[in-house]
Amino acid sequence: MAQARPRILVTRKMPAQIEARIARDYDATTNPEDSVFDADRLVRDSAGHQGLLVCSTEKLPARVIEKLPDEIRIIATFSVGHDHIDLDAARARGITVTNTPDVLTDATADTTFLLLLAAARRAYEGERMVREDRWGRWAPTSMLGVHVTGKRLAILGMGRIGRAVAQRARGFEMEIHYNNRSRLSPELEQGAIFHEDPEELLGVADFLSINCPATAETHHFLNAARIARLPDGAVVVNTARGAIVHDESLIAALKSGKLAAAGLDVFENEPAIHPGYRDLSNCFLLPHIGSATNETRQAMGFRALDNLDAFFAARPPRDRVV
Ligand code: DGY
């Protein structure tokens, strides 16, 4: 007799190749209309399933995890970040949690550079000027931005994505500085300058790229006091998580001219972003598309399914975080 396929709840519409593999290998409840799962629906619809395939859009704090039915044995997230899942609560209930590292490193580092260049060179203002037919004569003094080549880039969080950002920055002859929980080996550092104290890192940041995970320690890390430590005219870029930045402080610094510009792909409470960002022409804004290439989203889906496959075959999932 054929073995029953594992029953999983898939909270978001997935790329076609991923949906096809899910249909082949799982007894799955999917969400073709991509409707929103709030906490109540997540708990209710989990009934009758053994695993969840979620995204960073589905919040799983302790109070939700505690209410999940006993049959749920694994939560596989289609993301490298797992700050939307309370890992301690999952551990306490014996629920395995997996993520999708590696496969989105390049796409996210590419997006970091898109933001860095766009913010520094005033791409938003220039683009609007052309579209709105406000492009006057070329002028020696118009649309002057911040020079990128040869500047100091400070990377907060030198994991896979931070290192991929550094690799791209070497092509721009930037001097690379970083802070990380632990210092990297010389092979991984490749000449980048380690700052044990993140406060000290800020002092050399002509450009600051935020690439660390969102944790209790990094929550609102970039606040008014720390922005004050950045060189005047610095540029801030964030492709990690919005909660690492204190929005009011960043907005004030962009308004006052303390900072030249910012490039942001992630926001606290996204998509309900702080409205103050919308009026700032020195802020280049993207809607959390760091990993949004066809190739990357497919690879993320396959990686999440590989983890589920391993778990249900009683093998250790490759990307187990709990
Ligand atoms: C990730 O993988 O963490 C991306 O930010 C998408 O949530």
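A compact table of results
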item: Label-to-label distance, nm, for residues given as D197 and R93 (7 Å Cα→Cβ offset); result: 4.3
item: Charge context of E268, other residues only, Cβ under 9 angstrom, K/R +1, D/E -1; result: -1
item: Cut-off 13 Å between beta-carbons: net charge of the residues surrounding P287, Lys and Arg +1, Asp and Glu -1; result: -1
item: Cut-off of 10 Å, at most 14 other beta carbons, DSSP loop: longest stretch of the chain lacking such GluC sites (Glu not before Pro); result: 218-322
item: Extended-chain gain in nm, criterion 0.36 nm per residue less alpha-carbon gap, A23 and E175; result: 49.9 nm
item: Residue-averaged [θ]222 nm for the chain, counting only DSSP H segments that reach four residues, each worth -39500 (n - 2.57); result: -9500 deg cm²/dmol
item: Relative packing of 153-162, 108-117, 225-234, which averages over residues the other C-beta atoms within 10 Å, highest first; result: 153-162, 108-117, 225-234
item: Dipole-positive endmost among A192, A205, G257 within the stretch 190-270 (Cβ charges, Cα centre); result: G257
item: Pairwise FRET efficiency - R41 versus R131, Cβ, R0 = 41 Å, nearest 0.05; result: 0.55
item: Residues of the chain: accessible area per residue with a 1.4 Å probe, Å²; result: 49
item: Spatial extent of the stretch 105-285: Rg and Dmax, with the Cα atoms as the point set, Å; result: 15.9, 52
item: Sites matching trypsin sites (Lys or Arg not before Pro) across the stretch 45-138 that sit in DSSP coil, with at most 11 neighbouring C-beta atoms within 10 Å; result: R134, R137
item: Of the DSSP H helices in the chain, those whose Cα atoms cover at least 18 Å axially and whose Kyte score averages 0.5 or more; result: 105-120
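The values are calculated or read from the model by the stated rules, or taken from the named source; none is laboratory data. The shown structure was predicted, so the numbers you read here are calculated from the model rather than taken from an experiment. Every residue, glycine among them, receives a Cβ derived from its backbone with ideal geometry; neighbour counts consider all protein chains shown. For the accessible areas, the whole protein counts, side chains as well, though only heavy atoms, and no ligand, DNA or RNA atoms are used. Shrake-Rupley method; radii C 1.70, N 1.55, O 1.52, S 1.80 Å.
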